[in-house]
Protein chains: 2
Amino acid sequence: MRTLITRIAELTTNVALDGDPCGTLVDAAVLIEDGRLAWVGAASDAPAADETVDAGGRAMIPGFVDSHSHLAFAGDRAAEFEARMAGQKYAAGGIRSTVAATRAAGDDELRARLRGFLDEMLAQGTTTVEIKSGYGLSVADEERLVRLAAEVTPEVTFLGAHVVPTEYADRPDAYVDLVTGPMLDACAPYAKWIDVFCETGAFTVAQSRRVLEAGAARGLTPRVHASQLGPGEGVRLAVELGAASIDHGTYLTDDDIGALARSSTVLTLLPGVEFSTRQPYPDARRLIDAGVTVALACDTNPGSSFTSSMPFCIAIAVRDMGMTPAEAVWASTAGGARALRRDDVGIIAPGARADLVLLEAPTRVHLAYRPGVPLVRQVWKDGVAAG
Amino acid sequence: MRTLITRIAELTTNVALDGDPCGTLVDAAVLIEDGRLAWVGAASDAPAADETVDAGGRAMIPGFVDSHSHLAFAGDRAAEFEARMAGQKYAAGGIRSTVAATRAAGDDELRARLRGFLDEMLAQGTTTVEIKSGYGLSVADEERLVRLAAEVTPEVTFLGAHVVPTEYADRPDAYVDLVTGPMLDACAPYAKWIDVFCETGAFTVAQSRRVLEAGAARGLTPRVHASQLGPGEGVRLAVELGAASIDHGTYLTDDDIGALARSSTVLTLLPGVEFSTRQPYPDARRLIDAGVTVALACDTNPGSSFTSSMPFCIAIAVRDMGMTPAEAVWASTAGGARALRRDDVGIIAPGARADLVLLEAPTRVHLAYRPGVPLVRQVWKDGVAAG
């Protein structure tokens, strides 16, 4: 079955073209075959197909690649959010209340939540999602979370080192022993990535190094939560260890930026966090101009960022972080793919997965120009029309 | 036909109760009959009905009342938005490019756009929409816009005094003669409200007074665009003339706030404008604490705010304007109704229109807690389930 989608007014391919990183084509068409893209080009040159879909002069972009989420949890923290908006500061310790709710939930409840979030995200154009553990914090509970996450995505991250659980509050190094020993043994078979929250109130640089090196020794590639609540050494540790991504980066020093620009580590910005914790937004303009590769992700979690909307993150990135609409769309598609070291998503090119988003708009600029409006008209995931 | 909606975890009635302006009920139910609400109360006390809808422990709020929009136009200004995000300042003069596109469009094109926007808004929970003219700026074109708007809403505003059109650029008072004479004659039969953009670059206070008084003499009630781009005398003029609402209010003086607090004029804040023009957000906290009645609206228009999402405006109002989630929800429902002097919408009470929004969330707080996520699960307009 060959499906041609034609009359695409503006096609963001992310195959760099004449100095345009978005590789923008106008009046374009794409051909889907067996879940992959078989051809991409001008509508007037389109090959024959078994069925044709008329895009009606709308814009198309690659499916969003959301490279940072914490979807495996139970409960919510709406009351904490409300209190914070009334003036209370965000503290990482709030994670523990979600740990209690998650531990108390059955597998089927967690599965239903995961499926619910993935459906919600797909309807908003997200076709690839990374999911972290980190609300279990015991061997059995972390194993359960990576196992359930692996049922719905190949991009599973073991984040046993999310926060020190209450029962280890006075002996954090003993908890790191657990994470790097029995917990890693139980979780590694389900995970692709190892992550740590390297921040004051969570794990020190030395502890973070232990976690990441232990994971790497088991074949997991590092990614690091760092510089969310203040400046720290997490970024340089991530670069030293060849992490795929450092995530947050709200507070970066010039040294951090230089190290990132010289590395292959992606900086994943999470505008939903600054939005929902009322922190200052990072200056993405400065980062991009310095040569850092930037991705955008939602960081969907019940504490610091409960959005699952990549279009919302794009709008904030443009309004408050100095990105152009083209840069923000690139960062939420190709940038996310780089952060996950994937070359089959985040791009519209022959051979890539047919993960496509047709917008109810003539340009990708509308994602920022029409903030909050559900502009995703149709999504294809592996060539199959969703919804 | 009597339809009972039951198992509503949190019902925002906006009928003040024990110091709660939102009149919040838990575990509630509502009964719809002939497009109106026939009964509202505890689920355990619900009367018999012909059919029952299970709200499944979700939250319900009144349909949003969007009291400020400019939906009657053609074209868009995505390129202007993109340039502004790259550093160019917003100027009211950009309105003229939309005037040219609107004048060139046929009635059927404008009708299709209007219906498209109303459908888009309904899907996002908006059940009452005010629509202004103002992209015609000739007798025939303004008459056409109010006539087409009146086909889809009773809340039609004649805004011939939106900006001085190019052909009157060197004789603005002659344009005011036209607006208050033949244009008003042509438009008054279709309109309920008279509005003017009282701002440097648009109309002076003296010109604004002429427009509003002429409209009032024809039975139209004033509403005023003021203090969007800088402080001015528009607010005090609006209060003096008993306007239903002053809209924008980005730059208010202490005198403005005192005058509003002592008046029956609503202050309609439009967060989408500050978002899309990168202006500073007004301090809604200060306004509410001073006793001003605040409404929230989208100001959907192609120049300064192309959102149509009341949930987005609520999220911004909470994050950046100091409103509590409860205040923001009240302002976007009951507040909008006050701004339109309506007592049959924006409220969930016996006798009111059955305009209802069921959220995919257990509380209204989630509208701010989950920014950008389409949380509207089901909408009823005049008792009829939409979509």
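The values are calculated or read from the model by the stated rules, or taken from the named source; none is laboratory data. Computed from a predicted model, the values in this text were never measured in an experiment. No Cβ is skipped: glycine too gets one built from the backbone with ideal geometry, and neighbour counts run over all protein chains shown. Just so you know, the surface numbers come from the protein's heavy atoms only, side chains and all, with ligands and any DNA or RNA stripped out. Shrake-Rupley method; radii C 1.70, N 1.55, O 1.52, S 1.80 Å.
Overview of values
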| item | result |
| --- | --- |
| Normalised alpha carbon radius of gyration of the stretch A:127-194 [divisor 2.2 N^0.38 Å] | 1.07 |
| Under Karplus coefficients 6.51, -1.76 and 1.60, residue-wise ³J(HN,Hα) of the stretch A:156-163 in Hz, glycine/proline x | 9, 10, 8, 10, x, 8, 7, 7 |
| Inter-chain shielding of B:304-316 (mean C-beta neighbours from other protein chains, 10 Å cut-off) | 4 |
| Calculated P(r) tail over 44 Å for the protein assembly as shown, as whole % of Cα pairs | 28 percent |
| Cβ-derived FRET efficiency at R0 56 Å, residue B:48 paired with residue B:83, nearest 0.05 | 0.40 |
| Local net charge near residue B:297, Cβ-Cβ under 9 Å (Lys/Arg +1, Asp/Glu -1) | -4 |
| Relative contact order %, chain A, counting alpha carbon pairs below 8 Å whose residues are six or more apart | 20 percent |
| Vicinal HN-Hα couplings computed from phi for the stretch B:302-313 (Karplus, 6.51 cos²θ - 1.76 cosθ + 1.60; Hz; Gly/Pro x) | x, x, 9, 5, 9, 6, 10, 9, 5, x, 4, 5 |
| Of B:49, B:59, B:79, the one that fluctuates the most in a GNM where chain B has Cα springs shorter than 10 Å | B:79 |
| Formal net charge of residues neighbouring residue A:177 (Cβ-Cβ distance under 11 Å; K, R +1; D, E -1) | +1 |
| Average Cα contact separation per residue, the stretch A:200-334, under 8 Å, 6 or more apart, as relative contact order % | 17 percent |
| Relative contact order, percent, the stretch B:66-194 [alpha-carbon distance under 8 Å, six or more residues apart] | 27 percent |
| Gaussian network model of chain B, springs between alpha carbon atoms under 10 Å - residue of B:221, B:253, B:293 with greatest fluctuation | B:253 |
| Label point distance in nm, residue A:285-residue B:341, each placed 7 Å from Cα along Cα→Cβ | 4.5 nm |
| Cα gyration tensor category, rounded, prolate or oblate, for the stretch A:254-387 with a/c compared to 1.5 | oblate |
| Cα-based convex hull, the stretch A:33-103, per residue volume (Å³, whole number) | 211 Å³ |
| 5 angstrom amide H check on residue B:378, placed H, neighbours 5+ away | B:358 |
| For residue A:57, label point 7 Å along C-beta direction: distances to other copies, nm | 4.8 |
| Cross-link pairs beyond the 25 Å C-alpha cut-off, checked among B:132/B:381; A:192/A:381; A:381/B:381 | A:381/B:381 |
| Counting DSSP beta bridges with both ends in the stretch A:30-179, the antiparallel % (nearest 5) | 45 percent |
| Label point 7 Å beyond Cα along the C-beta direction, distances from residue A:34 to other copies (nm, shortest first) | 6.5 |
| Helix A:205-217 vs. chain A, principal-axis angle (Cα, 0 to 90°, nearest 10) | 60 degrees |
| Average beta carbon contacts from partner chains per residue of B:317-323, 10 Å cutoff | 3 |
| Rounded percent of accessible protein surface that carbon and sulfur make up, the protein assembly as shown, 1.4 Å probe | 51 percent |
| With DNA, RNA and ligands ignored, accessible area of residue B:95 (1.4 Å probe; Å², nearest 10) | 0 Å² |
| Whole-Å distance, taken between Cα centres, linking the stretch A:173-217 and the stretch A:61-136 | 21 Å |
| Hull-based mean projected area of the stretch A:108-262, where the convex hull spans the alpha carbons, in square nanometres | 9.5 nm² |
| Kirkwood-type radius of the stretch A:64-339, with distances r between different C-alpha atoms, in Å | 18.2 Å |
| Tilt relative to chain B, helix B:139-150 - C-alpha long axis, 0 to 90 degrees, to 10 | 0 degrees |
| Modelled FRET efficiency - R0 60 Å, residue B:101 with residue A:101, Cβ distances, 0.05 increments | 0.70 |
| Candidates B:178, B:358, B:145, ranked by Gaussian network fluctuation over chain B, Cα under 10 Å, top entry | B:178 |
| Per residue value of the accessible surface for the protein assembly as shown (all protein chains in place, 1.4 Å probe), Å² | 33 Å² |
| Interface burial for B against A (accessible surface, 1.4 Å probe, total of both chains, Å², rounded to 100) | 3300 Å² |
| Distribution of pairwise C-alpha distances over the stretch A:223-306, 10 Å bins, in % | 20, 57, 22, 1 |
| Per-residue [θ]222 nm for chain A (sum of -39500 (n - 2.57) over DSSP H runs n ≥ 4, rounded to 500) | -9500 deg cm²/dmol |
| At 7 Å out from Cα toward Cβ: residue B:79 inter-copy label distances (nm, ascending) | 5.4 |
| Note, ³J(HN,Hα) from phi for the stretch B:22-28, Karplus 6.51, -1.76, 1.60, rounded to Hz, x at Gly and Pro | 7, x, 6, 10, 10, 6, 10 |
| Per the axis that maps chain A onto chain B, nearest residue of A (Cβ criterion) and its distance in Å | A:374, 2 |
| Between helix A:107-123 and chain A: long-axis angle, C-alpha atoms, 0 to 90°, nearest 10 | 40 degrees |
